[in-house]
Amino acid sequence: MARTAKKNPVDMSFSFITAVASFSVIVFIIGILYVLISESSLAIGKFGVIKFVTSTDWDPVKESFGALTNIYGTVVTTIFSLIISIPVAIGIAIFVTEISPNFLKGPIGVAIELLAAIPSIIYGMWGLFTLSPIMSNHVEPFLKKIFGSVPLIGILFQGTPMGIDILTASVILSIMIIPFTASISRDSFDLTPAVVKESAYAIGATKWEVVKNVVIPYSKLGVFGGVVLSLGRAIGETMAVAFVLGNNHRITTSLLDAAATITVTLANEFAEADKDIYLSALFYLALVLFVMSFITLAMAKFFLIRAERKYSR
């Protein structure tokens, strides 16, 4: 009869601790979701789901609340911040890995990491006192002059340049998320086998052709992962955006108008919620943000898994 091997107590303890750590993540998520649902139950009962997410009302005096303006502001600022940051971040990663001389790679890498370590409130203060005047006095008037009369695009630059608007908030957000995309893209580019690049150079490819046809295709899954990480960072950012976005609960087509995001509304109005329905509506907004973040990251993960399966065949 075979003897049953004794399990090492140290291994058992190690397995138990790691299992607890892993399952604690699920417990935390469920706990957060439970609190958000329970605290927002009053608003859910009064406004429902469809009415709340499609209503543009946000009037604490009349106790009429809707999330659409906040959702709109969150989505627009996130999209434009990604539009600005992704090309810059990938350009930084390409320069550091393929073009930069060795003595510059270290300082640029440290600068990227330092940019990621700056607290968001510092970005907000810098945006309010430094970037906002530059945007209102120089950048936004120039963009309005160039694009204001262009069909379709011109509607994005209507209004008076104030510097406290969607465009300035998007620029601040883009600066904040550039380090995440740039760092992960740089690491992904470094994983491209040197022999593959040398083979391309050997057949006469230029540096641009090597980057375009070898480096980026080989590492695009890693770059996509960096973009997803930046997306999650942009959706949930609060303090930096609160300084430069304003708190205007209105859907606007112009990037030069103030707006409101879910996080900014929560930060600005939580201390002012003096009624149960008001407080419940804010928790409801937080629940909407939670669901938006979950759906966005789940979709990104789905496409990432599909891409991995496609290129692993």
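Key figures
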quantity: Checklist (1) closer than 28 Å to residue 76 by Cα; (2) at pLDDT 90 or above applied to residue 209, failing item; calculated: (1)
quantity: Residues (over 25 Å from residue 133 (Cβ atoms) and open to solvent by less than 40 Å² (accessible area, probe 1.4 Å)) located in the stretch 168-185; calculated: 181, 182, 183, 185
quantity: In the stretch 143-161, residue least open to solvent (accessible area, probe 1.4 Å) [restricted to those that are of a type outside the set (Phe, Trp, Tyr) and part of a helix (DSSP H, G or I)]; calculated: 154
quantity: Of residues in the stretch 110-132 being in contact with a Ser or Thr (Cβ under 8 Å, 6 or more places away or on another chain) and of a type outside the set (Ser, Thr, Tyr), the one surrounded by the fewest Cβ atoms within 10 Å (Cβ to Cβ); calculated: 113
quantity: In the stretch 241-290, residue most open to solvent (accessible area, probe 1.4 Å) [restricted to those that are within 25 Å of residue 155 (Cα to Cα), part of a helix (DSSP H, G or I) and of a type in the set (A, V, I, L, M)]; calculated: 242
quantity: Count - residues of the stretch 291-313 that are touching a helix residue (DSSP H, G or I) at 6+ places or on another chain (Cβ under 8 Å) and open to solvent by less than 60 Å² (accessible area, probe 1.4 Å); calculated: 6
quantity: Residues satisfying the stated conditions in the stretch 243-273, i.e. among the small types (Gly, Ala, Ser) and more than 15 Å from residue 69 (Cα to Cα); calculated: 267, 271, 273
quantity: Any pair with Cβ under 6 angstrom, 6 or more apart, that starts in the stretch 33-49 at a residue that is in contact (Cβ under 8 Å) with a residue 12 or more places away in the chain and farther than 8 Å from residue 284 by Cα and ends at one that is among the small types (Gly, Ala, Ser) and surrounded by 14 or more Cβ atoms within 10 Å (Cβ to Cβ); calculated: 42/280
quantity: Residue check, residue 140 open to solvent by less than 30 Å² (accessible area, probe 1.4 Å), of a type in the set (D, E, K, R) and part of a helix (DSSP H, G or I); calculated: yes
quantity: Selected residue (criterion: surrounded by the most Cβ atoms within 10 Å (Cβ to Cβ)) from residues of the stretch 201-226 that are in a loop (DSSP other than H, G, I, E, B) and aliphatic (A, V, I, L, M); calculated: 205
quantity: Failed condition for residue 84, given (1) in a helix (DSSP H, G or I); (2) more than 18 Å from residue 231 (Cα to Cα); (3) open to solvent by 20 Å² or more (accessible area, probe 1.4 Å); (4) not hydroxyl-bearing (Ser, Thr, Tyr); calculated: (2)
quantity: Residue list for the stretch 87-109, filter: β-branched (Val, Ile, Thr), open to solvent by 60 Å² or more (accessible area, probe 1.4 Å) and within 19 Å of the chain's Cα centre (by Cα); calculated: 88
quantity: Some residue of the stretch 193-200 being surrounded by fewer than 21 Cβ atoms within 10 Å (Cβ to Cβ), in contact with a helix residue (DSSP H, G or I) (Cβ under 6 Å, 6 or more places away or on another chain) and closer than 17 Å to residue 82 by Cα; calculated: no
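This table checks each residue for (1) acidic (Asp, Glu); (2) modelled with pLDDT of 90 or more.
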| site | (1), (2) |
| --- | --- |
| 257 | yes, yes |
| 262 | no, yes |
| 276 | yes, yes |
| 292 | no, yes |
| 302 | no, no |
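The values are calculated or read from the model by the stated rules, or taken from the named source; none is laboratory data. Note that the structure is predicted; figures quoted are calculated from it, not measured. Cβ sites come from the backbone with ideal geometry, for glycine too, and all protein chains shown count toward neighbours. Calculation scope for accessible area: heavy atoms of the full protein, side chains included, ligands and nucleic acids excluded. Shrake-Rupley method; radii C 1.70, N 1.55, O 1.52, S 1.80 Å.
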